[in-house]
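I have placed the structure first, in the form of structure tokens, so that the comments after it can refer back to it.
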Amino acid sequence: MAVSIPEETIDAIRTRADIVAVVSRHVTLKKRGRSFVGLCPFHSEKTPSFSVFPERQSWHCFGCGEGGNVFTFLMRMDS
């Protein structure tokens, strides 16, 4: 039997999580303006196309098109 977590609990965790801190455990990030950039952990690349946006608590790779929030990043990293 699956346990349902209330949506407001999920939203509270998502807004409190520091996406830059979580992503930087897996990706070397450099500050560029209001965002952070690094090499995408989901495909091979030589030029950074992976961006983290702290104000929106989201990430996006302009190379492979992947993106999402802190939860989707962790799910993608852990398969």
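The values are calculated or read from the model by the stated rules, or taken from the named source; none is laboratory data. It should be emphasised that the depicted structure is a prediction, and the values quoted were computed from it without experimental measurement. Cβ atoms come from the backbone with ideal geometry, glycine included; neighbour counts cover every protein chain shown. In case anyone asks, the SASA skips ligands and DNA or RNA and just uses the protein heavy atoms, side chains included. Shrake-Rupley method; radii C 1.70, N 1.55, O 1.52, S 1.80 Å.
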Residue by residue through region 74-79, the couplings from Karplus 6.51 cos²θ - 1.76 cosθ + 1.60 with θ = phi - 60°, in Hz, x for Gly and Pro, are 5, 5, 5, 5, 8, 6
In whole percent, the fraction of accessible protein surface over region 32-79 that belongs to carbon or sulfur atoms, probe radius 1.4 Å, stands at 53
Phi-derived 3J(HN,Hα) across region 37-45 with the Karplus relation (6.51, -1.76, 1.60, θ = phi - 60°), rounded Hz, x for Gly and Pro, is 10, x, 7, 5, x, 9, 7, 7, 7
Taking a probe of 1.4 Å and leaving out DNA, RNA and ligands, region 10-52 shows per residue an accessible area in Å² of 65
Check: C-alpha center region 26-65 vs C-alpha center region 1-15, spacing in Å is 26
Between the residues VAL3, CYS61, SER49, the Cα farthest towards the positive end of the dipole of the chain, that dipole coming from +1 and -1 charges on the beta-carbon of Lys, Arg, Asp and Glu, is from SER49
Answer in debye to the nearest 20: the dipole magnitude of the chain about its Cα centre, from +1 Lys/Arg and -1 Asp/Glu charges placed on Cβ, is 460
Among [x] 3, 15, 27, 24, 15, 8, 5, 3, 1, 0; [y] 3, 13, 13, 11, 9, 7, 7, 6, 6, 7, 6, 5, 4, 1, 0; [z] 3, 16, 20, 19, 17, 12, 7, 4, 2, 0, the value of P(r) over Cα pairs in 5 Å bins from 0, in percent computed for this structure carries the label [x]
In order over region 58-71: 3J(HN,Hα) from phi, Karplus 6.51/-1.76/1.60, θ = phi - 60°, whole Hz, x for each Gly or Pro, gives 9, 9, 7, 10, 7, x, 9, x, 6, x, x, 10, 4, 5
Taking the chain and counting helices only, DSSP H stretches of n ≥ 4 at -39,500 (n - 2.57) each over all residues, the nearest-500 ellipticity at 222 nm comes to -7500 deg cm²/dmol
The relative contact order of the chain, taking Cα pairs under 8 Å that sit 6 or more residues apart, comes to a percentage of 23
